[in-house]
Amino acid sequence: MRPNLTPETETAAGQMVTPEIEAQVRQTIGAELRRAFLPEFSPGENVDLVVRTVRSIYIRLVERGHASDYWRSEAPPDSVPPLWATAAKSVDWLDTKNGTSDHETAMRLMKLGEEVGEVMQAYIGTQGQNPRKGITHTRADVAAELCDVILTAAVALYQFTDNPAETLDHHAERVGRRIDQIKER
């Protein structure tokens, strides 16, 4: 049986998104949703997150007269880079499930350390450093693990600034200026 995904829906904790549920989410909102930006939901995502997103869209539509052009931001949908869209979705999910205590902040920072360890494990696997195992990873595995580090850092950054994308951009600009100064010497 498919869940009813109206704004009043209560879902079972931990229920996962299936292609059928995703199709129903899209159908629930109807024609307005097809005209409006909606983040992609992957099979296996938590239904609670999908339902909260659907509720948010319903609220925007109701507040602004049921016209998706009114609730859509001025910026085009693709103006939010996937890194920050995914990080924001992760932060929302983690905040809802785990809260925002100092303990949760520490856990997110520790998760970053775990991800760095996975990068090192993958790189060691590309070198065949363990003779018993041989070569166990590829360069693509290392790249994927590095991406996990970047995403995990982006999620953690939300705990320390209201605008993590802008904070990162400013920091990158400062580092770029320092590099330029060093190169000029």
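Select from the range 157-185 the residues that are among the polar types (S, T, N, Q), open to solvent by 60 Å² or more (accessible area, probe 1.4 Å) and either touching a Gly at 6+ places or on another chain (Cβ under 9 Å) or not in a helix (DSSP H, G or I) (or both) and list them in ascending order.
Taking the range 157-185 first, the residues among the polar types (S, T, N, Q) are 159, 161, 163, 167, 181.
Keeping just the survivors that are open to solvent by 60 Å² or more (accessible area, probe 1.4 Å) gives 163, 181.
Of everything in the range 157-185, just one residue is among the polar types (S, T, N, Q), open to solvent by 60 Å² or more (accessible area, probe 1.4 Å) and either touching a Gly at 6+ places or on another chain (Cβ under 9 Å) or not in a helix (DSSP H, G or I) (or both), namely N163.
Kindly indicate the residue of the range 119-156 that is closer than 21 Å to P81 by Cα and charged (D, E, K, R) and also most open to solvent (accessible area, probe 1.4 Å) among those meeting that condition. Ranking the candidates gives D148 first. Going through (1) within 21 Å of L168 (Cβ to Cβ); (2) part of a loop (DSSP other than H, G, I, E, B) one by one, H137 falls short only on (1).
The C-beta contact set for the range 105-119 (first residue within 24 Å of D141 (Cβ to Cβ), second residue in a helix (DSSP H, G or I) and open to solvent by 80 Å² or more (accessible area, probe 1.4 Å), distance under 6 angstrom, 6+ apart or interchain) comprises V119/L146.
Is it the case, given these coordinates, that V116 is open to solvent by 50 Å² or more (accessible area, probe 1.4 Å), among the β-branched types (V, I, T) and modelled with pLDDT of 95 or more? Yes.
The values are calculated or read from the model by the stated rules, or taken from the named source; none is laboratory data. Because the structure is a prediction, the values reported are computed rather than measured. Heads up, the Cβs are rebuilt from the backbone with ideal geometry, glycines too, and the neighbour counts pull from every protein chain shown. Ligands, DNA and RNA are stripped out before the accessible areas are found, and what is left, the full protein with its side chains, is counted by its heavy atoms. Shrake-Rupley method; radii C 1.70, N 1.55, O 1.52, S 1.80 Å.
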